[in-house]
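The values are calculated or read from the model by the stated rules, or taken from the named source; none is laboratory data. A quick note: this is a predicted structure, and the numbers were derived from the prediction, not measured. FYI the Cβ positions are ideal-geometry reconstructions off the backbone, even for glycines, and counts take in every protein chain you see. Ligands, DNA and RNA are stripped out before the accessible areas are found, and what is left, the full protein with its side chains, is counted by its heavy atoms. Shrake-Rupley method; radii C 1.70, N 1.55, O 1.52, S 1.80 Å.
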Amino acid sequence: MSGTPTKSGNPLMAKMKKDESFLGKLGGTLARKKKSKEVSDLHEEGKNAINAPLLPSSIEIHPEDTLMEENAERVMLDPTSRENHKFKDLLKVLIDWINSELEEDRIIVKDLEEDCYDGQVLQKLFEKLWGRKLNVAEVTQSEIVQKQKLQTVLEAVNLLLRPHGWPIEWSVDSIHSKNLVAIVFLLVSLAMHFQAPIRLPEHVSVQVVVVKKRDGLLQTGHVTKELTTTTEMMLGRFERDAFDTLLDHAPDKLNVVKTSLITFVNKHLNKLNLEVTELETQFADGVYLVLLMGLLEDYFVPLYNFFLTPESFEQKVHNVAFAFELMQDGGLKKPKARPEDVVNLNLKSTLRVLYNLFTNYKNSD
């Protein structure tokens, strides 16, 4: 029958079936891709759910972090800790201390990260504190030479500090990468070891963010780093002297030492009709120390140079620090005690200062 199309002879039907077959295949491919993407998204969502609690929202992951090698680790200071007032105070004290120590070298530090990373400032500071020179290049333009200098400086520092139990929380790479926490750890330990005449804020802690690469993914977490404890605990890490031994093991002899020192200071203060009966308290405001130095060196100390009746903690610290300056002017070494410790009635610190005067002036009239 001419009006009835055959199965194979109708071009329109054949074309439609061919299109349906193509669309079916296309639809199947799209469906498989969609399904695969859903699985992938679900897998990624699962990973993110696991990692998300570790990821602090305030931390910006830099492009270089994504290029980290597998199992590599980066440590950075949490931005919130950078704004902590005690941490800021610590940075200021350290910067002022470095500038005071390196004043003769005309070195001025303004930013610890930018000024300490290449080893130049650290070298000068350590040489000044240590009293010796290191065999390092003076000019460090290239990164290789900078790291070589840092290696030499840190080896000398570590050799000096490690026996005293101070944890080595720094490395060449961490310092050179401007890791502020590592730089501060290093400076605090140097200040404590050399008993710098500064008052470090106590109990300063910061949060650091540790970024690790595991299975191609970045994982981050917070770790608390304690930069300072108490002054007494930090100083206790280092070498103990005769007064530590005296107070810990021979307290019965302490009165003998105190009597000898009282007799010595009164021999001179009596010239001004002054008398000391308590070493811990009567030298705490610095007035007697200043007057004693004038008597020992035979000069009059102008009253405008110190506070004759100090009222605040700062005024007392000023007086004791001024007395320390007079001691150094007289040829004595910088006192190991800090002015703040004397003001805070630290007996060992006061004994150290007075005993130093006693050994140098015991034969003077």
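Assorted remarks:
- Exceeding the 19 Å Cα-Cα cut-off - candidates LYS271/LYS348; LYS110/LYS178; LYS267/LYS362; LYS88/LYS178; LYS88/LYS110: LYS271/LYS348
- Gyration tensor verdict on the stretch 296-339 (Cα atoms; rounded if a/c is under 1.5, prolate if a/b is larger than b/c, oblate otherwise): oblate
- FRET efficiency, 1/(1 + (r/R0)^6) with R0 30 Å, evaluated for GLU169 and ILE107 via beta carbons: 0.80
- Ranking LYS336, LYS213 by solvent-accessible area of protein heavy atoms (1.4 Å probe, all protein chains present), from largest to smallest, gives LYS336, LYS213.
- The stretch between LYS267 and ASN363 holds 33.4 nm of extra length on full extension. This uses 0.36 nm per residue minus the Cα-Cα distance.
- When all protein chains stay in place and ligands, DNA and RNA are ignored, the 1.4 Å accessible-area order of TYR299, TYR361, largest first, is TYR299, TYR361.
- Residues THR281 and ARG82, FRET efficiency given R0 of 41 Å [Cβ-Cβ distance, rounded to 0.05]: 0.55
- Heavy atoms of PHE283 accessible to a 1.4 Å probe, total area in Å² rounded to 10: 0 Å²
- Here the stretch 98-188 was treated as a single set of alpha-carbon atoms; its pair distances binned every 5 Å from 0 give 2, 14, 26, 27, 22, 7, 1 percent.
- Calculated P(r) of the stretch 97-142 - Cα pairs past 11 Å, %: 68 percent
- With DNA, RNA and ligands ignored, accessible area of TYR288 (1.4 Å probe; Å², nearest 10): 50 Å²
- Accessible area (Å², per residue) of the stretch 324-365, counting only protein heavy atoms and a probe of 1.4 Å: 50 Å²
- Cα gyration tensor shape for the stretch 274-365, rounded if a/c is under 1.5, else prolate or oblate: rounded
- ³J(HN,Hα), Karplus 6.51/-1.76/1.60, whole Hz, each residue of the stretch 325-334, x for Gly, Pro: 4, 5, 5, 5, 4, x, x, 7, 6, 4
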